[in-house]
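The values are calculated or read from the model by the stated rules, or taken from the named source; none is laboratory data. These numbers were taken from a predicted model, which means no experiment stands behind them. Quick reminder, even Gly has a Cβ in these numbers, built from the backbone with ideal geometry, and neighbours come from all protein chains shown.
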Amino acid sequence: MTIKILDPTVSAEETAGAVVAKRVGDLDGKVLGLLHNGKVNADRLLDLVREQLGARYRLRDVVMIRKDSASRVADASDLDRLARECDAVVTAIGD
Amino acid sequence: MTLRAAEHEVAGWAEAVEAYYERGWTDGLPVVPATAEAVQAFLDAAGRKPDDVVLREATRRRTITAEKVAINAVMAGCRPEYMPVLLAALEAMAEPRFTLHGAITSTGGSATLVVVNGPIRKRLGLNAGGNVFGPGRRANATIGRAVRLITLNCLGALPGLLDRSTQGHPGKYTYCIAELEEENPWTPLHVDRGLPREASAVTVYAAESPHNVLSHYGESAEAVVVAIADTMASLGSFSPGESFVVLAPEHVQILARDGWTKPSIREALYARARRTRADLKRGGKLAGAVEPGDDTAWVHRGHGPEDIHIVVAGGGAGGHSAFIPSWSRDRNSLSVTKEIR
């Protein structure tokens, strides 16, 4: 006798209405954001990113934000600030 | 209200068990096929509608309904009357201070320890005695397993994908105990956490495996406290996070006989579970070289005595208690208690 089993899984909800930021062609004259995940050595990694991108482009400014904890999502106010002030953002995990 | 989950027709019971494997819907052990009839019985037992929201996880954008909880509970081998424990555990895991997303993803490899208190322990036949962390009781085995199946199936914490545990531990299959309140001369865990004694409650804790504390021959409270504090101070799991100490009845009797109380035990453990900064640096727990003053600078486990939670459980014979360190190295994840309604 056949039986019917029920799907136990839950899918991620669609992020309806979310818009991907416009891609930037280069970083000349732009503001670079760096989001530090709070782990040891993330600052070193991001300093390296800043150095390398700084050598390649004429960055107007760099904004560095550090999360309190790698286990928690970034504060909405931090994400808003990055969105408001930066043209491009790099985040990295260190450890 | 009708169920919403997609149905898959299979040739029979044995084929259904294999179908779960093929779809990647198990923890590696066979599951009980979840049919609509069984799932409806679980929802009825809990007095829940299929689309009642039990848990929302924002980072993974998942919403877990009572129907999905019931499906996974059937699969885990639960009985319908276990549903209230499971629902309370999930509501506790949804509290922001538990940091569910981090706890089930991290390389730290935690499992969700579920501690049950109150009259529901006896109604469900939960084990609080011998072999409390081991096999043998359906309620312990399947409630803990249901939490894991929901973590896998509903939160997508699949090993190697959204569960990046370096090693994990066996508690990730199932990790549910009850407190042996009858052998506790002090207050049980749920009363410590603000609930009335007659309430039933569940406490969830993103936890490492239990670390055995064997202390047989001291025959004094001092000896028991020394052994537990030393285990808590061991470098491997040392951090300022919370601690659960699960005291065996034999140790409880010695502590109570010598006049110790929960507050005095907590104070003594906090005072003694400490290491120097030099030790922490030598063991790779802190970055940097040992500097002058590090050998006399002490760091304690936890932020204070209140970070140490004491539970009584285990068999009548044997001086074996357990220290269970937090997954969280500090405040990232904190244990949460909810009343079972």
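Count, please, the residues in region B:18-42 that happen to be more than 7 Å from chain A (Cβ to nearest Cβ) and either buried (at least 17 other Cβ atoms within 10 Å of the Cβ) or of a type in the set (S, T, Y) (or both).
Selection size over region B:18-42: 9.
If I go through region A:1-23 residue by residue, how many of them are loosely packed, with under 12 Cβ neighbours inside 10 Å and either out of contact with any strand residue (DSSP E or B) (no Cβ under 9 Å at 6 or more places or on another chain) or away from chain B (no Cβ under 14 Å) (or both)?
Of the residues in region A:1-23, 11 are loosely packed, with under 12 Cβ neighbours inside 10 Å and either out of contact with any strand residue (DSSP E or B) (no Cβ under 9 Å at 6 or more places or on another chain) or away from chain B (no Cβ under 14 Å) (or both).
Looking at region B:46-56 only, could you name the residues that are in contact with a helix residue (DSSP H, G or I) (Cβ under 9 Å, 6 or more places away or on another chain), surrounded by fewer than 17 Cβ atoms within 10 Å (Cβ to Cβ) and either closer than 20 Å to B:L158 by Cβ or in contact (Cβ under 8 Å) with a residue 24 or more places away in the chain (or both)?
Residues satisfying the conditions are B:K49, B:D51.
B:T59 - would you say it is within 10 Å of chain A (Cβ to nearest Cβ), surrounded by 17 or more Cβ atoms within 10 Å (Cβ to Cβ) and not aliphatic (A, V, I, L, M)?
no
Do you know which residues across region B:68-81 are of a type outside the set (V, I, T) and buried (at least 24 other Cβ atoms within 10 Å of the Cβ)? Please lay out each step first, then the result.
First pass over region B:68-81, keeping only residues of a type outside the set (V, I, T): B:68, B:70, B:72-73, B:75-81.
Residues satisfying the conditions are B:K68, B:A70, B:N72, B:A73, B:M75, B:A76, B:C78.
Filtering region B:277-301 down to residues that are of a type in the set (D, E) and surrounded by 16 or more Cβ atoms within 10 Å (Cβ to Cβ), which residue is nearest to B:N140 (Cα to Cα)?
B:D279
Within region A:32-58, how many residues turn out to be among the polar types (S, T, N, Q) and over 17 Å from A:D78 (Cα atoms)?
Qualifying residue count for the region: 2.
Would you be able to tell me the number of residues in region B:302-341 that are surrounded by fewer than 18 Cβ atoms within 10 Å (Cβ to Cβ) and small (G, A, S)?
Selection size over region B:302-341: 5.
Could you look through region B:223-239, keep only residues that are small (G, A, S) and assigned to a helix (DSSP H, G or I), and pick out the one that is nearest to the chain's Cα centre (by Cα)?
Once the filter is applied, the top-ranked residue is B:S237.
Please enumerate the residues belonging to region B:284-341 that are under 23 Å from the mean Cα position of the chain (by Cα), aliphatic (A, V, I, L, M) and more than 14 Å from chain A (Cβ to nearest Cβ).
Those that are under 23 Å from the mean Cα position of the chain (by Cα), aliphatic (A, V, I, L, M) and more than 14 Å from chain A (Cβ to nearest Cβ): B:I308, B:I310, B:V311, B:V312, B:A313, B:A322, B:I324, B:V336, B:I340.
Restricted to region B:101-160, and to residues that are closer than 19 Å to B:A34 by Cβ, in contact with a Ser or Thr (Cβ under 9 Å, 6 or more places away or on another chain) and small (G, A, S), which residue is surrounded by the most Cβ atoms within 10 Å (Cβ to Cβ)?
The extreme case among them is B:A146.
If you check A:D80 against the conditions, is it more than 23 Å from B:A103 (Cα to Cα), touching a residue at least 12 places away in the same chain (Cβ under 8 Å) and either of a type in the set (D, E, K, R) or part of a loop (DSSP other than H, G, I, E, B) (or both)?
No; evaluated as a whole, the condition is false for this residue.
Residue by residue, here is whether (1) surrounded by fewer than 17 Cβ atoms within 10 Å (Cβ to Cβ); (2) within 27 Å of B:A278 (Cβ to Cβ); (3) out of contact with any helix residue (DSSP H, G or I) (no Cβ under 6 Å at 6 or more places or on another chain) holds:
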residue	(1), (2), (3)
B:A206	no, no, no
B:H216	yes, no, yes
B:E219	yes, no, yes
B:T231	no, yes, yes
B:F238	no, yes, yes
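Does region A:64-82 contain any residue that is within 13 Å of chain B (Cβ to nearest Cβ) and either over 27 Å from B:S333 (Cα atoms) or surrounded by fewer than 13 Cβ atoms within 10 Å (Cβ to Cβ) (or both)?
Yes, the conditions are met somewhere in region A:64-82.
Considering only residues that are over 10 Å from B:Y205 (Cβ atoms) and modelled with pLDDT of 95 or more, which ones fall in region B:326-341?
Selection gives B:K338, B:E339, B:I340.
Would you confirm whether or not region B:174-187 contains a residue that is out of contact with any Phe, Trp or Tyr (no Cβ under 9 Å at 6 or more places or on another chain) and closer than 22 Å to B:L55 by Cα?
yes
Any chance region B:242-263 includes a residue that's more than 18 Å from the chain's Cα centre (by Cα) and among the basic types (K, R)?
yes
Within region A:3-21, does at least one residue satisfy the condition of being modelled with pLDDT of 95 or more and touching a Gly at 6+ places or on another chain (Cβ under 7 Å)?
Yes, the conditions are met somewhere in region A:3-21.
B:E91: over 29 Å from A:K39 (Cβ atoms) and either basic (K, R) or out of contact with any His (no Cβ under 9 Å at 6 or more places or on another chain) (or both), yes or no?
Details: over 29 Å from A:K39 (Cβ atoms): yes; either basic (K, R) or out of contact with any His (no Cβ under 9 Å at 6 or more places or on another chain) (or both): yes.
It is true that B:E91 is over 29 Å from A:K39 (Cβ atoms) and either basic (K, R) or out of contact with any His (no Cβ under 9 Å at 6 or more places or on another chain) (or both).
When the residues of region B:5-17 are filtered to those that are surrounded by 13 or more Cβ atoms within 10 Å (Cβ to Cβ) and more than 7 Å from chain A (Cβ to nearest Cβ), which remaining residue is nearest to B:M83 (Cα to Cα)?
B:V17
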